[in-house]
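What follows is a set of notes on a single structure, which appears directly below.
Just so it is clear, none of the values below were taken in a lab; they were calculated from the coordinates. Here the structure is a predicted model, which means the values were calculated and not measured. We place every Cβ from the backbone using ideal geometry, glycine too, and count neighbours over all the protein chains shown.
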Amino acid sequence: MSTNATRTRPGTMRLTDALQYRLPLAGVVSILHRVSGAIMFALLPLIVWLFDVSLSSEGTYGQFTGAFAEQGGIGWFPSWLLKLVVLMLIWAYLHHFIAGVRHLWMDMTHSVTKEFGRSSAVVTLVASLALTVVLGAKLFGLF
């Protein structure tokens, strides 16, 4: 009986094996759904602050709009970096919402086929990215 030092016990997987596994598109959407939820949770203090500053008074609304101005920002935080963070938040919200609707639709209609999972994953990715591009263009002042 020969022993091989690189072999693992049956039922275990090495990290290199796990990195070579190719997830189906539905699995990627599922992971991104969790990532987008974590991003929204992590950025919750920023969301609350932006909402508070935008509604408190006319002066704070000016501070809010000034933070997104060309030479604006918040202290040492430049406006372009704030816009990138808000763009990431926009993507996280849109992806999480659309993927959540996808999961609800699959639960309500019992659509658990491989074909529907792939096609709905494509729709989720395309819709969330397209809407993010449109809203990002508006955020960065392209129209």
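Annotations
- Potential extension, residue 142-residue 88 segment - 0.36 nm per residue separation minus Cα distance: 17.7 nm
- Volume per residue that the Cα convex hull of the chain spans, once the total is divided by residue count, Å³: 191
- When shorter helices are ignored and each DSSP H run of at least 4 residues is given -39500 (n - 2.57), the per-residue value for the chain at 222 nm works out to -24000 deg cm²/dmol.
- Under 5 Å between amide hydrogens, built in the peptide plane, is the criterion, and for residue 68 it picks out 73 among residues at least 5 positions away or on other chains.
- Scalar couplings 3J(HN,Hα) for segment 83-93, obtained by applying the Karplus form with A = 6.51, B = -1.76, C = 1.60 to θ = phi - 60°, are 5, 5, 5, 5, 4, 4, 5, 4, 4, 4, 5 Hz; x denotes Gly and Pro.
- Full-extension gain in nm, residue 48 to residue 135, via 0.36 nm per residue minus C-alpha separation: 29.3 nm
- Once the chain from residue 23 to residue 35 is taken as fully extended at 0.36 nm per residue, the excess over their C-alpha distance is 2.8 nm.
- Taking the charge dipole of the chain about its Cα centre, with +1 at Lys and Arg Cβ atoms and -1 at Asp and Glu Cβ atoms, the residue from 104, 36, 11 reaching farthest to the positive side is 11.
- Applying the Karplus relation 6.51 cos²θ - 1.76 cosθ + 1.60 with θ = phi - 60° to segment 27-32 yields 3J(HN,Hα) values of x, 5, 4, 5, 5, 5 Hz, where x marks Gly and Pro.
- Relative to the dominant Cα principal axis of the chain, helix 114-139 is inclined by about 20°.
- Each of 74, 129, 85 was scored by the projection of its Cα onto the charge dipole of the chain, and the greatest displacement toward the positive side belongs to 129; charges sit on the C-beta of Lys, Arg, Asp and Glu.
- For the pair segment 23-66 / segment 109-143, the C-alpha centres are spaced 18 Å from each other.
- Mean sequence separation of contacting Cα pairs (under 8 Å, at least six apart), scaled by the length of the chain, corresponds to a relative contact order of 27 percent.
- Net charge dipole, the chain: roughly 760 debye, given to the nearest 20, about the Cα centre with Cβ charges of +1 for Lys and Arg and -1 for Asp and Glu.
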